[in-house]
Amino acid sequence: MSAYLATPLPFPVQRPSGYEPLGEEPAFDPARHLQIEAPETVIPLKEFGYTDEQITQCPTDFGATSVFRVLSDEGAACMLDVARKLEAFTTSNARISRNVRGGAYRSTFLRDLCQCPELTEAMSAIAGIPLLPHTLPHQLGHLNYAPFDVTENVDKWHVDTLRFDFVMFVTDPNTVEGGEFQYYLGTKEEVAALRKAGQPLDPDKIVSPAMPGPGYAVLQQGNMVVHRAKGLSAPGERITMVNGYVPRDIAFPDFSRFDQLALVDPKDVAASEYARHATWMARERLTARLAGFAFSDDTAAMAEEFEDFARTMAATAQQLRDAGKAEVEHFGDG
Ligand SMILES: [Fe+2]
């Protein structure tokens, strides 16, 4: 880990076209709405089967937590109220039938909750490294709603195109049948190989954490932990909220994938957010370099730093040019 910690990027002051504010909604009050309790257990990436070499390439060896409480009863009631109001704006993609993305532009409650410093601090303590609320606003407060077709899974097996996120139940999971959040106690390479061979996932490795009620969550290193949301087995209301984070140490490679984001969000919003996020990362990388200034005659190292920066910028530009050529990536339903 490098010594420099990135300066946070504020939420955009502009609102994208078509994202009108909800209007009437509760005001977020961390003192009343948060009730953060530490998870009892944290499962390291090693237990998922990742090698030491793979783990050292990650910002932390943290994999996933046991279920822990995030919201108070009052906070959970307000979150449910807001999520129901946002349900009017669901969209579909190849992985999820009904989700709301960009809700943080529409709802001040959701935005303030997702960016709450106390919440970010708690997630950083659990992950073991300093985190910041995701700098792509569409990776904040993602909401999933049960599909109208009850036989369909809420979300297919996948890894996230971000580093860290928590999955929190907004509705009470104990009032419906099914609809579990599940993760796989194996590696993403193992799941990809099973899928390629047309074989099912090992049922003994599928974990369905018991959720005591609304406002409880699991934090995960989302790009390393394969997870999904099962469908309900009888009609009912199931809503979950997923909040994303980036490591504050920007020395780690960015996991954002514009090719994927462009498939699920409006093009102008996805592109503008991605370009803004990449510009912030570039600024912070250069600032980190200035902060670490020292006299040296190692011209090869200096040249390599500039070349690395140029490669990163070129890769960002290429992602923007390639948009539209990809498909939504996932590991299917089973
Ligand atoms: Fe996910």
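The values are calculated or read from the model by the stated rules, or taken from the named source; none is laboratory data. Since the structure is predicted, the reported quantities are computational estimates derived from the model, not experimental observations. All Cβ positions, glycine included, derive from the backbone under ideal geometry; neighbour counts span all protein chains shown.
Considering region 285-334, and only residues there that are acidic (Asp, Glu) and more than 30 Å from residue 191 (Cβ to Cβ), the residue that is nearest to the chain's Cα centre (by Cα) turns out to be 308. Counting only strands (runs of 3 or more DSSP E) that fall entirely inside region 23-138 and contain at least 3 residues that are at pLDDT below 95, no element qualifies. When region 189-218 is filtered for residues that are under 30 Å from residue 79 (Cβ atoms) and either of a type in the set (Phe, Trp, Tyr) or more than 12 Å from the ligand (Cβ to nearest atom) (or both), the ones remaining, listed by number, are 206, 207, 208, 209, 210, 211, 212, 213, 214, 215, 216, 217. On the stretch given as region 244-275, residues that are among the acidic types (Asp, Glu), under 26 Å from residue 107 (Cβ atoms) and crowded, with 17+ Cβ neighbours inside 10 Å total 2.
Out of curiosity, is residue 193 free of Cβ contacts under 8 Å to residues at least 12 places away in the same chain and either surrounded by fewer than 19 Cβ atoms within 10 Å (Cβ to Cβ) or not in a helix (DSSP H, G or I) (or both)? The answer is yes for residue 193. From the list 299, 316, 279, the one residue that fits, being farther than 25 Å from residue 139 by Cα and among the β-branched types (Val, Ile, Thr), is 299. Given the options 171, 135, name the one that is touching a residue at least 12 places away in the same chain (Cβ under 8 Å) and under 22 Å from residue 262 (Cβ atoms). Checking each option against the conditions leaves just 135.
Taking residue 222, is it touching an Asp or Glu at 6+ places or on another chain (Cβ under 7 Å), within 19 Å of residue 10 (Cα to Cα) and within 16 Å of the ligand (Cβ to nearest atom)? No, not satisfied. Of the listed requirements (1) farther than 20 Å from residue 328 by Cα; (2) of a type outside the set (A, V, I, L, M); (3) modelled with pLDDT under 95; (4) part of a strand (DSSP E or B), residue 157 misses just one: (1). Restricting 151, 171, 175, 108 to those that are polar (S, T, N, Q), crowded, with 18+ Cβ neighbours inside 10 Å and away from the ligand (no atom under 16 Å from the Cβ) reduces the list to 171.
Within region 35-62, being in contact with a Ser or Thr (Cβ under 6 Å, 6 or more places away or on another chain), of a type outside the set (A, V, I, L, M) and under 30 Å from residue 75 (Cα atoms) holds for 35, 39, 40, 41. Of the numbered criteria (1) more than 28 Å from residue 54 (Cα to Cα); (2) touching a helix residue (DSSP H, G or I) at 6+ places or on another chain (Cβ under 8 Å); (3) of a type outside the set (A, V, I, L, M), the one residue 157 fails is (1). Looking across region 191-222, the residues that are closer than 21 Å to residue 62 by Cα and of a type outside the set (Val, Ile, Thr) come down to 205, 208, 209, 210, 211, 216, 217, 219, 220, 221, 222. For the structure I just gave you, tell me whether residue 151 is in a loop (DSSP other than H, G, I, E, B), within 15 Å of the chain's Cα centre (by Cα) and either of a type in the set (Ser, Thr, Tyr) or farther than 30 Å from residue 250 by Cα (or both). For residue 151, the condition - in a loop (DSSP other than H, G, I, E, B), within 15 Å of the chain's Cα centre (by Cα) and either of a type in the set (Ser, Thr, Tyr) or farther than 30 Å from residue 250 by Cα (or both) - is not met.
Only one entry in 281, 241 is of a type in the set (A, V, I, L, M), closer than 28 Å to residue 126 by Cβ, touching a Gly at 6+ places or on another chain (Cβ under 7 Å) and surrounded by 17 or more Cβ atoms within 10 Å (Cβ to Cβ), namely 241. Residues in region 127-146 that are more than 15 Å from the chain's Cα centre (by Cα) and at negative phi were compared, and the one that is surrounded by the fewest Cβ atoms within 10 Å (Cβ to Cβ) is 130.
Residue count for region 260-294 under the criterion of being free of Cβ contacts under 8 Å to residues at least 12 places away in the same chain and either in a helix (DSSP H, G or I) or of a type in the set (Asp, Glu) (or both): the result is 3.
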